[in-house]
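Right, I'll just put the structure down here and ask away after.
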Amino acid sequence: MSGPAHVGDVVLDVARSPLGLIGITLAGYQAGRWLQGRLGGHPVAQPVLVAIAVVGGAITLLGVDYADYRAGVGLITFWLGPAVVALAVPLHRQSGQLRGFVLPMLVAVVVGAVVSVTSTVLLARLLGADEVLQRTLAPKSATTPVAIALADGLGGIAPLAAAFAIAIGIVAALTGPAVLNLFRVRDRRARGLAVGTVSHGIGASRMLREDEVEGAFAGLGMGLSALATSLLLPVIALILW
């Protein structure tokens, strides 16, 4: 009996190791891509959403704390930085599309950041959320690392801010193109900018699969939104609290 039990312990130890956790994460994402391919690219089969479900179930069964999981997959987290920078490549290829679009784009991003923060805080306040939760929700439309830093600086709950940012990114990536179609937004630059501003890297990756112009402007929108939110949120906070 000791033989099989020993083998089982070894398998569990390997699964709980950094290499095992990275493997589970990559397998979950690949499963999402496979499912998306089987469903003909249906937006509901978002690979990131599938990966979250797979990883969440796996670390629960393995008894791995989230903090240990996050430390174990640090290699993947490290490569997210270069991956985001790589979004500048399609934008460089589409630089000619910026002609006549820069000023409207900057105005839209600034107004969008202000509306996003104020509407979120006021709605949360109306629904009875306390001040800590309001401060946690305020930077939800920025990318996850920026949302964490801003929420922490405001006195919010940084891990919860990350969860909100990721959830908003997934929902917006799933529904954004359909909403734009509903309102007959056809300009590919505007479509990409809108989705990237709200849904960050998840939305940018989706738009890049659909059209290179949309993907390029989604990446630009993600960066500009994070910058605008970082600059404007401290000023808005003085007014709201």
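Readers should treat all values here as calculations from the given coordinates under stated rules, not as data from a laboratory. All of these numbers come straight from a predicted model, not from anything done at the bench. Reconstructed Cβ throughout: ideal geometry from the backbone, glycine too, with neighbour counts over all protein chains shown.
Could you work out how far helix 212-240 tilts from the main Cα principal axis of the chain, as a 0 to 90 degree angle to the nearest 10?
Taking Cα atoms only, the helix is inclined about 80 degrees.
Continuing with the same structure: For mean projected area of the Cα convex hull in nm², which listed value, (i) 15.7; (ii) 13.2; (iii) 12.5, comes from the coordinates shown?
(i)
Using the crude model of +1 on Lys and Arg Cβ and -1 on Asp and Glu Cβ, and no other charge, please compute the dipole size for the chain relative to its Cα centre, in debye to 20.
Values: 16 positive and 12 negative charges, 172 e Å.
That gives a dipole near 820 debye.
What's the angle, to the nearest 10 degrees (0 to 90), between helix 2-16's Cα axis and the longest principal axis of the chain?
Value to nearest ten degrees: 20.
Provide the gained length on full extension for the span ALA71 to ALA129, in nm with one decimal, where the gain is 0.36 nm per separating residue minus the Cα-Cα distance. Please list the in-between numbers first.
Details: separation 58, 0.36 × 58 = 20.88 nm, distance 3.14 nm.
So the chain would gain 17.7 nm between ALA71 and ALA129.
Charges only on Cβ, +1 for Lys and Arg, -1 for Asp and Glu: so what's the dipole of segment 1-79 about the Cα centre, in debye to the nearest 20? Please report the intermediate quantities before stating the final value.
Working: 4 positive and 4 negative charges, 70 e Å.
For segment 1-79, the charge dipole is close to 340 debye.
Compute the signed sum of charges (Lys and Arg +1, Asp and Glu -1) over the other residues within less than 15 Å, Cβ to Cβ, of PRO18. Could the numbers behind the result be given before it?
On the way: positive: ARG16, ARG70; negative: ASP13, ASP65, ASP68.
Charge balance in the 15 Å sphere: -1.
Treating the angle as unsigned and between 0 and 90°, give the value, to the nearest 10°, between the Cα long axis of helix 144-154 and the longest Cα principal axis of the chain.
The angle comes out near 70 degrees.
With a 10 Å radius around each residue's Cβ, average the other Cβ atoms per peptide and rank 103-109, 206-212, highest first. All intermediate terms of the calculation are to be shown ahead of the outcome.
On the way: 103-109: 14.0, 206-212: 19.0.
The peptides rank, most packed first, as 206-212, 103-109.
Follow-up. Which length gain, in nm to one decimal place, applies between THR175 and TRP79 when the Cα-Cα distance is subtracted from 0.36 nm times their residue separation? Write down the numbers at each step before the final one.
Details: separation 96, 0.36 × 96 = 34.56 nm, distance 2.72 nm.
Length gained, THR175 through TRP79: 31.8 nm.
Could you work out the percent of alpha carbon pairs in segment 1-79 separated by over 22 Å, rounded to a whole number?
Numbers: 1027 of 3081 pairs.
In whole percent, the long-distance tail amounts to 33.
Label THR118 and ASP9 with points 7 Å out from Cα along Cα→Cβ: what is the distance between them in nm?
Result: 6.3 nm between the two label points.
So what is the relative contact order for segment 121-241, in percent, with contacts set as C-alpha pairs under 8 Å and at least six apart?
Values: 188 pairs, mean separation 26.7, N = 121.
Averaging sequence separation for qualifying contacts and normalising by length gives 22 percent for segment 121-241.
Restricting things to alpha carbons, find the Rg to Rh ratio for segment 100-221 using the Kirkwood radius for Rh. Provide the component values of the computation, followed by the final result.
Numbers: Rg = 14.6 Å, Rh = 14.6 Å.
Looking at segment 100-221, the ratio lands at 1.00.
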